[in-house]
1. How far is the Cα center of segment 56-107 from the Cα center of segment 156-197, in Å?
2. Just subtract the alpha-carbon distance of residue 184 and residue 110 from 0.36 nm times their residue separation and send over the number in nm, one decimal.
3. Round to the nearest 10 and give me the degree value, 0 to 90, for the angle of helix 2-13's Cα axis relative to the longest principal axis of the chain.
4. Enter the angle in degrees (range 0 to 90, nearest 10) between the Cα long axis of helix 70-83 and the first principal axis of the Cα atoms of the chain, meaning the one along which they spread out most.
5. Hey, got a sec? Which GluC sites (Glu not before Pro) in segment 92-175 land in a DSSP loop and have at most 15 other Cβ atoms within 10 Å?
6. Highest mean first, how do 166-176, 87-97 rank when packing is the count of other Cβ atoms within 10 Å averaged over residues?
7. Roughly what would the spin-label model give for residue 42 and residue 95, points 7 Å off Cα along C-beta, in nm?
8. Rank by packing, highest mean first: peptides 33-39, 191-197, 156-162, with packing defined as the count of other Cβ atoms within 10 Å averaged across residues.
Amino acid sequence: MKATVKHVAAARSERAPGPGRPRDPQVDGRLIDAMLRLLARDGYAGASLEAVAQEAGVSKPAIYRRWSSKAELATAALAQLQAGDAPQASGDPRADLVSLLASFRRLLLRPNGLSMIGTLLVEERENPELLRLFRERIVATRRRQVRDLLDAALALGHLRRDADLDAATNALIGSFYARYISGERIGTDWPERVVALVWDGLAR
């Protein structure tokens, strides 16, 4: 009987907060961190929700109260990782673009950084919903950040009115993937080098 009462009490403690009570951010953080560790270690296919729950020290239902699927949790974790490294804006679009791409470089080169992205990409055929969320939450966000800075530069008169900002966005972000796949080192000077090249091509 005592074991049953203890079990019921534990179950009640994990229920969703009542009206007006926010979720425990510590649990959210532990789940995000656990998913990132498992993605890096085991890949998306190996990062089961059971393993995430065990790694985070919570129950599996605690995950479903926050995210409806493994795809939701995985992409939320990667999106938070990206958001947490966003630099402060200075108001100078060119300098901010270099800072933004420097943060992108750090994310790619962190341990298992690009491999975590790769483990999602290989799921395209089996899990199109995962790829949709990945493109919406991570890829589109990064592109929008770059494009917003280019739009700001255009509005300030730094760039030609006919500048192809869509192509410039692809060139700036794509250069990192091309460099990485080629096996060449992405040095700390790479963000400045690629911005200088593209900016000169767009400048008035």
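FYI, it's all coordinate maths here, none of it is from the lab. All of these numbers come straight from a predicted model, not from anything done at the bench. Here Cβ is always computed from backbone atoms with ideal geometry, including for glycine, and neighbour counts include all displayed protein chains.
1. Taking the Cα centre of each part, segment 56-107 and segment 156-197 sit 21 Å apart.
2. On the way: separation 74, 0.36 × 74 = 26.64 nm, distance 1.59 nm.
Separation in residues times 0.36 nm, less the Cα-Cα distance, equals 25.0 nm.
3. Relative to the chain, helix 2-13 is tipped by roughly 30 degrees.
4. Approximately 50 degrees, to the nearest ten.
5. Working: sites: 123, 124, 126, 129, 136; in loops: 123, 124, 126.
Listed in order of number, the matching sites are 124, 126.
6. Working: 166-176: 17.3, 87-97: 15.2.
The peptides rank, most packed first, as 166-176, 87-97.
7. 4.6
8. On the way: 33-39: 21.4, 191-197: 17.1, 156-162: 12.1.
Going by the mean number of other Cβ atoms within 10 Å, highest first, we get 33-39, 191-197, 156-162.
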